[in-house]
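Novice: One structure is given below, represented as structure tokens, and several questions about it will come after.
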């Protein structure tokens, strides 16, 4: 799927579904579920690598995981979901040249066909413009931007009128410079609805109400694999608890068995 097809989905009034993946197993599951887009999100820094924020994950790690995601698809290239990869912290904040090199390596060496970048400050806008001129599709991201955790925290964003006006202005600017889609995270649903109505590109919500053109969720959250979920992504099933229960039963069963060793006959090899 090409990024521009998401714009066609919006024009047709078709909801867009985006799920994250981080390895071949998760991408196979997400593909089978029928998601339009697979996002290799830098959130894997937290639930795969055990960090407390997304900041420590490196470009090389993002590339490694995106390559693994590509190996999990079973359908033909034309029928595979669109793969978007997050550009990690400091891969684009240090200038246009470094950003082009980082994004280019992801598209060149993995299944990714686009990158996602957080924010819309003047420096970020310059980077996005350069990437798009170089033929690299970009998905924008406003609202709660996890790479800005030390400035914004994880609380809901755009709650004041001034903040809402700024977000809407930034959203318009991101469309103007050529982003093919925009993620809005953890903002009031009324603001997300307004942005969706203003923009021609699809607006993808996460904790932004159900009036967006599509939704994105961290698959590990929906499956209940993590011990804590954000308030806007309650688990569909409690997989973590189910797995612990099943494995604990297996461990207890093995521990309860009598393990009296037997002496092997001459010429036999012991199993112990």
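The values are calculated or read from the model by the stated rules, or taken from the named source; none is laboratory data. This structure is a prediction, so every number in the text was calculated from the model and none was measured. Reconstructed Cβ throughout: ideal geometry from the backbone, glycine too, with neighbour counts over all protein chains shown.
Novice: Output the residues belonging to region 195-204 that are within 26 Å of residue 230 (Cα to Cα) and outside any helix (DSSP H, G or I). So that I can check it myself, show each step before the final result.
Specialist: Filtering region 195-204 for residues within 26 Å of residue 230 (Cα to Cα) gives 195-196, 202-204.
Result: 202, 203, 204.
Novice: Taking region 168-194 as the search range and keeping residues that are part of a helix (DSSP H, G or I) and within 21 Å of the chain's Cα centre (by Cα), which one is surrounded by the most Cβ atoms within 10 Å (Cβ to Cβ)?
Specialist: Here the residue is 192.
Novice: In region 205-220, which residues are outside any loop (DSSP other than H, G, I, E, B) and either more than 15 Å from residue 43 (Cβ to Cβ) or without any contact (Cβ under 8 Å) to a residue 40 or more places away in the chain (or both)? Steps first, please.
Specialist: The first filter runs over region 205-220 and keeps only residues outside any loop (DSSP other than H, G, I, E, B), leaving 205-206, 214-217, 219-220.
Residues satisfying the conditions are 205, 206, 214, 215.
Novice: Does region 126-152 hold any residues that are within 22 Å of residue 215 (Cα to Cα) and assigned to a loop (DSSP other than H, G, I, E, B), and which are they?
Specialist: 137, 144, 145
Novice: Continuing with this model, one more query. Name the residue that is surrounded by the most Cβ atoms within 10 Å (Cβ to Cβ), counting only residues in region 108-161 that are in contact (Cβ under 8 Å) with a residue 60 or more places away in the chain and out of contact with any strand residue (DSSP E or B) (no Cβ under 7 Å at 6 or more places or on another chain). Please lay out each step first, then the result.
Specialist: Going through region 108-161, the residues in contact (Cβ under 8 Å) with a residue 60 or more places away in the chain turn out to be 112-114, 116, 137, 139, 143-144, 146-147, 149, 154.
Checking which are out of contact with any strand residue (DSSP E or B) (no Cβ under 7 Å at 6 or more places or on another chain) leaves us with 146, 149, 154.
Numbers: 146: 21, 149: 15, 154: 12.
The extreme case among them is 146.
Novice: Looking at this structure, is residue 73 closer than 26 Å to residue 224 by Cα and modelled with pLDDT under 95?
Specialist: Working: closer than 26 Å to residue 224 by Cα: yes; modelled with pLDDT under 95: no.
No, not satisfied.
Novice: Further question on the same structure: Of all residues in region 50-81 being out of contact with any helix residue (DSSP H, G or I) (no Cβ under 8 Å at 6 or more places or on another chain) and assigned to a loop (DSSP other than H, G, I, E, B), which is nearest to residue 117 (Cα to Cα)?
Specialist: My answer is 58.
Novice: Please find, among 100, 115, 84, the residue that is at pLDDT 95 or above, in contact with a helix residue (DSSP H, G or I) (Cβ under 7 Å, 6 or more places away or on another chain) and closer than 14 Å to residue 39 by Cα.
Specialist: On the way: 100 fails: closer than 14 Å to residue 39 by Cα; 84 fails: in contact with a helix residue (DSSP H, G or I) (Cβ under 7 Å, 6 or more places away or on another chain).
Going through 100, 115, 84 in turn, just one is at pLDDT 95 or above, in contact with a helix residue (DSSP H, G or I) (Cβ under 7 Å, 6 or more places away or on another chain) and closer than 14 Å to residue 39 by Cα: 115.
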